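Contents: one structure, followed by commentary.
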Amino acid sequence: MGLRAPLTCTHHLSLNTSIRVSENSISELEYRRRINMFTNSRRRELTDEEIREIFFNSDDEGDYNTESSGSDSDSEERLPRNLVSLERNPELGEGDDDVEENPEEGPSVVPCSRPEGPVPVEEVRSSDWRTAVDFTPPGPGIEFDSSISGVQNPPETPTAVNCFKMFLSVETVGEIVEETNRYANTRDPLNKIRNVFNALTSAFKRSFIPYKDLCVDESLMLWKGRLGFRQYIPSKRHRFGIKFFVLCDVVTGYVQDMVIYTGATTSIESVEGLGVSGSVVMTLLAPHLGKGHVLYVDNWYSSPMLFQHLLHQGTGACGTVRLNRRGMPTFPKKIKRGEVTFRENGTQLAVKWQDKRDVNFLTTVHPSSMAQSGRLDHFTGEPKVKPACVLDYNKKMGAVDRADMITSFVDCARKSTKWYKKLFFHLLDTAVLNAYTVH
C-alpha cells in the first residue's frame, strides 16, 4: 500500500483545543477507516476522549502532535475546508501551488487572479455541510478595485435628455423606427397584394383625367370563405365578399381610383369631424379637389359637414341624405304625394320630396326647382315633374354599378382557396375594363 500525502485535520473541541495528525506511516485502509469514523460521528458533538480514541487507538501508531490553539480564528484557518472531499480525492499530493505550509500559522491559501478560459462548475454536495462555529467564508480571494466604478464616458452636459441618449442613440432610435414600420407592414391585411394594388391604382390615376361629374359608391367582390374583413351588403348581387370604395368618371365609366375596406386598418386619411364615410370621400377626391368637379354620392356618405367642406375646396356635391345627420334641417313628417319642401342655409339646399316614399336630398349645385322627367302621368296625361337634383342624381349615380355589370360578363376570376389570388384577378378585370374604356 502506498502512503498518502501529509494530512492536517483540525476539529473544534469543547475545550477549545486542536489536534494535528500526521499520516506518514498509516496505511490507506486504516486512513479510510478513521476518516469514516470521524465523519459518521459528527452527527453529534464529540467529547475529547472520543476524539482521542478515534485517532490514537491503533496498532500502527504514527507521529502524533497535539498543539494548543491561541484562538478560535487561528484554529479555523488551519481547518481543512472539506474533509469529505479530501477523502474522496486521494490524488491530491504535495505539489499544489495554491497551498503554502507555514509552520507557525499552518496552511493558507495564496491569493490568485481570475483564471483564464472557462471555469468548470464545482459540485456542492449535501454531505459537505457542517455545523458552523464562528465561521467566516474565505470570499473570492480577489480584491475589488473600486477606482473603476461609476459612470463611464458621461455626457459633457449631464442633463436628463443627454443621460438618456447614453442608452438610446440616434442610430438606435432609427433602427427602432425602421423595425416598427416593417412590423406595421406585416400587419397590413393586404400585404400579399399591396404592391400590385398600389401599382394598378397609380396607373389608373396617371392614365386618365376625369370629366366634370364623378361618383363614389361601393363595389363587392364575391368571397364566401373565412376572411377578417369580409363584408355583407344585402343590396348587392353577391351579398358576401370584399368591399371596395370606388371613384368613377360618370361620362365614361372609367374607374379612377379605389380603396379596399379592411376595417380599422383601411388605408384612408382621417379627417376630423367627417367620420369614416367623409374620410373615404376626401381620400378618393384628393387629386381632384379645387378643379370644379361635381360629386354624386348616396346617403352613407352625404352630410352637411362633408358638402360644406367640399364646397370650400372648390368641389360641388349632390346625393341622398339621412334626416338624422348632424346639421340637417327639420321637415314636416307627413306630406302628400308629389309635394316637395325645400330648405336652404345660404350654401346648401335640402329637399324632401314625397314620391312612393320619402326622398331626401342634399345638394350644393342644384336650384330649388322642379323639372320634367320625360314621362307622362297615366291618370292626367300631363308630364311628370321631379326636383332637378333628383333627375341629375338618377342619371349620374349608376357609374359604379355599370362598371360592375360589364366586368361580370367577362370575369376571369375563378374559385380559389386564397382570397388574395381572387382579388388579384379582380384587379386585372378592372384593368381590362379601363383599357376597353380608353380604347
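The values are calculated or read from the model by the stated rules, or taken from the named source; none is laboratory data. None of the values given here were measured: they were computed from a predicted structure. Counting neighbours? That spans all protein chains shown, and the Cβs are built from the backbone with ideal geometry, glycine included.
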Query - Every residue from region 230-262 that is among the small types (Gly, Ala, Ser) and touching a Pro at 6+ places or on another chain (Cβ under 8 Å) - result: none
Query - Residue that is in a strand (DSSP E or B) and either out of contact with any Phe, Trp or Tyr (no Cβ under 8 Å at 6 or more places or on another chain) or at pLDDT below 85 (or both), where the choices are Leu220, Leu190, Leu247 - result: Leu247
**Report entry** Selection from region 270-287 of residues that are assigned to a loop (DSSP other than H, G, I, E, B) and modelled with pLDDT of 90 or more
**Finding:** none
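Residues of region 138-160 being part of a helix (DSSP H, G or I) and either touching a strand residue (DSSP E or B) at 6+ places or on another chain (Cβ under 8 Å) or at pLDDT below 85 (or both), which ones?
Ser146, Ser147, Ile148
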Requested in this report: Filter region 355-395 down to residues that are under 22 Å from Cys215 (Cα atoms), hydroxyl-bearing (Ser, Thr, Tyr) and surrounded by fewer than 16 Cβ atoms within 10 Å (Cβ to Cβ), then give me how many there are.
Outcome: 1
**Report entry** Filter pass, Ile193 being within 19 Å of Trp419 (Cα to Cα), surrounded by fewer than 16 Cβ atoms within 10 Å (Cβ to Cβ), touching a strand residue (DSSP E or B) at 6+ places or on another chain (Cβ under 9 Å) and of a type in the set (A, V, I, L, M, F, W, C)
**Finding:** no
Report task. Determine, yes or no, whether Leu433 is among the aliphatic types (A, V, I, L, M), surrounded by 12 or more Cβ atoms within 10 Å (Cβ to Cβ), in contact (Cβ under 8 Å) with a residue 40 or more places away in the chain and under 16 Å from Ser219 (Cα atoms). Result -> yes
Query raised in the report: Only one residue in Gln354, Gln372 is in contact with a helix residue (DSSP H, G or I) (Cβ under 9 Å, 6 or more places away or on another chain) and without any contact (Cβ under 8 Å) to a residue 24 or more places away in the chain, so which one is that?
Result: Gln372
Report task. Just need a number here: residues in region 399-418 that are touching a residue at least 12 places away in the same chain (Cβ under 8 Å), within 29 Å of Val294 (Cβ to Cβ) and not hydroxyl-bearing (Ser, Thr, Tyr). Result -> 7
Requested in this report: Would you confirm whether any residue within region 283-295 is of a type outside the set (S, T, N, Q) and under 19 Å from Ile242 (Cα atoms)?
Outcome: yes
Requested in this report: Tell me, yes or no, whether region 190-209 has at least one residue that is touching a residue at least 60 places away in the same chain (Cβ under 8 Å), under 20 Å from Leu295 (Cα atoms), among the hydrophobic types (A, V, I, L, M, F, W, C) and in contact with a helix residue (DSSP H, G or I) (Cβ under 8 Å, 6 or more places away or on another chain).
Outcome: yes
**Report entry** Among the candidates Asp217, Asp213, Asp188, Asp249, residue that is surrounded by fewer than 14 Cβ atoms within 10 Å (Cβ to Cβ), under 20 Å from Ser279 (Cα atoms) and out of contact with any Cys (no Cβ under 6 Å at 6 or more places or on another chain)
**Finding:** Asp188
Query raised in the report: Can you tell me which residues in region 161-171 are exposed (fewer than 10 other Cβ atoms within 10 Å of the Cβ) and not in a helix (DSSP H, G or I)?
Result: Phe167
Requested in this report: With respect to Leu247, determine if the residue is in contact with an Asp or Glu (Cβ under 8 Å, 6 or more places away or on another chain) and closer than 25 Å to Gly327 by Cβ.
Outcome: yes
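Keeping to region 269-327, report how many residues are within 20 Å of Ala399 (Cβ to Cβ) and not aliphatic (A, V, I, L, M).
The number of residues fulfilling the criteria is 19.
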Report summary line: The condition from (1) modelled with pLDDT under 85; (2) touching a strand residue (DSSP E or B) at 6+ places or on another chain (Cβ under 9 Å); (3) not aromatic (Phe, Trp, Tyr) that Gly381 misses is numbered (2)
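Residues checked against (1) closer than 22 Å to Ala431 by Cβ; (2) not polar (S, T, N, Q):
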{"residue": "Leu190", "(1), (2)": "yes, yes"}
{"residue": "Ser219", "(1), (2)": "yes, no"}
{"residue": "Gly225", "(1), (2)": "no, yes"}
{"residue": "Phe229", "(1), (2)": "no, yes"}
{"residue": "Tyr232", "(1), (2)": "no, yes"}
